[in-house]
Amino acid sequence: DPRPSLELWRWELRPGESRESDAHVPGTKEIVYVQQGTLTLGVDGRSDLIEAGAAAVFVGDRPHSYANEGADDLRFVLAVLDL
């Protein structure tokens with residue numbers, strides 16, 4: 001696949017669900033926008049809560065995870081930029 005590239009994902013996680021991701025190629029950035037619920041975003045051993053209506057930009061070339069630790073469904077949009 002030629003670089004640069006862009007992937008756009010729409011995610012839904014039920015309460016208690018999580019997804020782990022290996023590190024992408026060096027230089028990869030990710031942008032997440034939470035539409036509903038609260039996302040627990042883990043990047044390289046650190047966790048942050050991203051509430052509905054908020055966004056975060058993070059490096060995708062480190063191990064990372066997405067989790068719904070709340071009681072309601074979680075919906076978010078994720079863009080993966082392989083620069």
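Every residue, every condition in (1) open to solvent by 40 Å² or more (accessible area, probe 1.4 Å); (2) modelled with pLDDT of 95 or more; (3) touching a strand residue (DSSP E or B) at 6+ places or on another chain (Cβ under 7 Å); (4) of a type in the set (V, I, T), yes or no:
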{"position": "R14", "(1), (2), (3), (4)": "yes, yes, no, no"}
{"position": "E30", "(1), (2), (3), (4)": "no, yes, yes, no"}
{"position": "Y33", "(1), (2), (3), (4)": "yes, yes, yes, no"}
{"position": "T40", "(1), (2), (3), (4)": "no, yes, yes, yes"}
{"position": "I50", "(1), (2), (3), (4)": "no, yes, yes, yes"}
{"position": "A55", "(1), (2), (3), (4)": "yes, yes, yes, no"}
{"position": "N68", "(1), (2), (3), (4)": "no, yes, yes, no"}
{"position": "D73", "(1), (2), (3), (4)": "yes, yes, yes, no"}
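Say we look at the stretch 1-58 and pick out the residues that are basic (K, R) and part of a strand (DSSP E or B); which of these is nearest to A71 (Cα to Cα)? Step through it out loud before you land on a result.
Going through the stretch 1-58, the residues basic (K, R) turn out to be 3, 10, 14, 19, 29, 46.
Remaining after also requiring part of a strand (DSSP E or B): 10, 19, 29, 46.
Working: R10: 20, R19: 17, K29: 29, R46: 22 Å.
Only one residue fits best here, namely R19.
Considering the stretch 55-73 alone, what residues qualify as being aliphatic (A, V, I, L, M) and more than 12 Å from the chain's Cα centre (by Cα)?
The first filter runs over the stretch 55-73 and keeps only residues aliphatic (A, V, I, L, M), leaving 55-57, 59, 67, 71.
Scanning the stretch 55-73 gives a single hit, A71.
Which residues, counting only those in the stretch 59-83, are farther than 17 Å from S21 by Cα, assigned to a loop (DSSP other than H, G, I, E, B) and not charged (D, E, K, R)?
G70, A71, L83
Cβ-Cβ distance below 8 Å, separation of 6 or more or different chains: which pairs start in the stretch 43-57 with a residue that is free of Cβ contacts under 8 Å to residues at least 24 places away in the same chain and of a type outside the set (G, A, S) and end on one that is surrounded by 12 or more Cβ atoms within 10 Å (Cβ to Cβ) and not in a strand (DSSP E or B)?
Matching pairs, first to second residue: V43/R62; V43/P63; D44/R62; D44/P63.
For the stretch 1-24, what are the residues that are over 11 Å from L74 (Cβ atoms) and small (G, A, S)?
S5, S21, A23
The values are calculated or read from the model by the stated rules, or taken from the named source; none is laboratory data. Since the structure is predicted, the reported quantities are computational estimates derived from the model, not experimental observations. Note that we place each Cβ from the backbone using ideal geometry, even for glycine, and neighbour counts take in every protein chain shown. Calculation scope for accessible area: heavy atoms of the full protein, side chains included, ligands and nucleic acids excluded. Shrake-Rupley method; radii C 1.70, N 1.55, O 1.52, S 1.80 Å.
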